[in-house]
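Asker: Can you keep this structure in mind? I'll have questions shortly.
Only the coordinates and a few stated rules stand behind these numbers; no lab work does. These numbers were taken from a predicted model, which means no experiment stands behind them. Don't worry about glycine lacking a Cβ; one is built from the backbone with ideal geometry, like all the others, and counts go over all protein chains shown.
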Amino acid sequence: RPVTMNAFELISHSQGLNLSNLFDK
Amino acid sequence: MGCFNSKVRKQFPGHENPVILASQTAFSVSEVEALFELFKSISSSVIDDGLISKEEFQLALFKNRKKENLFANRIFDLFDVKRKGVIDFGDFVRSLNVFHPNAPFEDKIEFSFRLYDMDSTGFIERQEVKQMLIALLCESEMRLADETIEIILDKTFLDADVNQDGKIDKAEWLNFVSRNPSLMKIMTLTYLRDITTTFPSFVFNSEVEEIAT
């Protein structure tokens, strides 16, 4: 299947960039 | 407030007056104090020294001390404004401020550019993007052939690198994100709006006499 996302869209899915996790107690 | 928070300051090196921090950021004094509750919990998770180490940051993000993560490291380095290898409370508040829903969009774009310009050359280079892409695939246990990765990079650089010099400069980044606003989603944390509700205990630990909201 053709990849339609650009590189940055893919990268922005990294868990390491998801800072909302900091707020989970 | 003559001897303002001297005890707190001793226990938390680099702790700054919440009133001043609030005046420099989009946060209210109460929100800064609520962030302090979060900061206390993260900074005491491994060593209770009032500072956030890389290990503690990783623990807060992933809830475990698992393998190194390129992106968490990069965020940590950007939060570590004074380049001390640790994040103090002032760094923490000012850095999170960029992620506030009310923070200027230009600040978010600037932060995201620095995030991806890993070697701080002033350009996001193709090699850097490839490295990040490989790290992402590794993290998500996804497999893509090198050929496919190169196709994604070709497509991305064809679109973003307007002058086709093989690297993305700040103006090209600005242009690219304005055409792809979803890329900026990671730069806004709606949680920051409800921080006082998430950490209500700040009320009991308040250091200021009257809380201005």
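Asker: With the cut-off at 20 Å, tell me which of the pairs B:Lys63/B:Lys84; B:Lys108/B:Lys170; B:Lys67/B:Lys185; B:Lys130/B:Lys167; B:Lys63/B:Lys185; B:Lys130/B:Lys155 have Cα atoms farther apart than that. Walk me through the intermediate numbers first.
Answerer: Numbers: B:Lys63/B:Lys84 24 Å; B:Lys108/B:Lys170 13 Å; B:Lys67/B:Lys185 25 Å; B:Lys130/B:Lys167 12 Å; B:Lys63/B:Lys185 22 Å; B:Lys130/B:Lys155 13 Å.
Violating the 20 Å Cα-Cα cut-off are B:Lys63/B:Lys84; B:Lys67/B:Lys185; B:Lys63/B:Lys185.
Asker: How would you classify chain B from its alpha-carbon gyration tensor, with a ≥ b ≥ c the square roots of the eigenvalues: rounded for a/c under 1.5, else prolate if a/b is greater than b/c, otherwise oblate? Intermediate results must be reported in sequence, preceding the final value.
Answerer: Details: a/c = 2.52, a/b = 1.87, b/c = 1.35.
Taking the square roots of the gyration eigenvalues as a ≥ b ≥ c, chain B is prolate.
Asker: Roughly what angle does helix B:29-43 make with the longest principal axis of chain B, taking Cα atoms, 0 to 90 degrees, to the nearest 10?
Answerer: Helix B:29-43 sits roughly 70 degrees off the main axis of chain B.
Asker: Whole-Hz Karplus ³J(HN,Hα) for the range B:82-94, in order, using 6.51 cos²θ - 1.76 cosθ + 1.60 and θ = phi - 60°, x for Gly and Pro?
Answerer: Residue by residue, the range B:82-94 yields 8, 6, 9, x, 9, 10, 8, 4, x, 4, 4, 5, 5 Hz.
Asker: So which GluC sites (Glu not before Pro) in the range B:105-193 pass both tests, a DSSP loop state and at most 14 other Cβ atoms within 10 Å of the Cβ?
Answerer: On the way: sites: B:Glu106, B:Glu110, B:Glu125, B:Glu128, B:Glu139, B:Glu141, B:Glu147, B:Glu150, B:Glu172; in loops: B:Glu141.
Answer in residue order: B:Glu141.
Asker: Also, quick follow-up: Taking each residue of B:182-191 in turn, how many C-beta atoms of other protein chains fall within 10 Å of its C-beta, and what is the average? Numbers along the way, then the final one.
Answerer: On the way: counts 4, 5, 1, 3, 9, 3, 2, 5, 2, 6.
Rounded to a whole number, the mean comes out at 4.
Asker: Now a separate question. Toward the positive end of the charge dipole of the protein assembly as shown, about the Cα centre and with charges on Cβ (Lys, Arg +1; Asp, Glu -1), which of A:Gln15, B:Val98, B:Ala171 goes farthest?
Answerer: Checking the options against the dipole of the protein assembly as shown, the answer is A:Gln15.
Asker: In degrees between 0 and 90, to the nearest 10, how far off the longest principal axis of chain B does helix B:170-179 point, with axes built from Cα atoms?
Answerer: 90
Asker: To the nearest 20 Debye, how big is the dipole of the range B:1-130 about its Cα centre, given +1 on the beta carbon of each Lys and Arg and -1 on that of each Asp and Glu? Don't jump to the answer; show the numbers that get you there.
Answerer: Working: 18 positive and 20 negative charges, 70 e Å.
With only Lys, Arg, Asp and Glu charged at Cβ, the dipole is about 340 debye.
Asker: Right, another one. From Cα pairs below 8 angstrom and at least 6 apart in sequence, can you work out the relative contact order of chain B, rounded to a whole percent? Don't skip to the end; give the middle numbers.
Answerer: Working: 232 pairs, mean separation 55.8, N = 213.
Once divided by the residue count of chain B, the mean separation gives 26 percent.
Asker: Return the calculated 222 nm mean residue ellipticity for chain B, to the nearest 500 deg cm²/dmol, obtained by summing -39500 (n - 2.57) across DSSP H runs with n ≥ 4 and dividing by the residue count. Please list the in-between numbers first.
Answerer: Working: 11 runs with 111 residues, N = 213.
Dividing the helical sum by the residues of chain B leaves -15500 deg cm²/dmol.
Asker: Shape of the protein assembly as shown from its Cα gyration tensor (a ≥ b ≥ c, root eigenvalues): rounded if a/c is under 1.5, otherwise prolate when a/b > b/c, or oblate? Mind dumping the intermediate values first?
Answerer: Working: a/c = 2.40, a/b = 1.93, b/c = 1.24.
In terms of gyration-tensor shape, prolate.
Asker: Can I ask one more? Principal axis lengths of the range B:22-116 from Cα atoms, whole Å, largest first?
Answerer: Principal-axis extents of the range B:22-116 (Cα, largest first): 34, 31, 23 Å.
Asker: Quick one: Karplus J couplings for the range B:190-202, per residue in order, coefficients 6.51, -1.76, 1.60, θ = phi - 60°, nearest Hz, x for Gly and Pro?
Answerer: Result, rounded to whole Hz: 5, 3, 5, 6, 10, 4, 6, 7, 5, 10, x, 5, 4.
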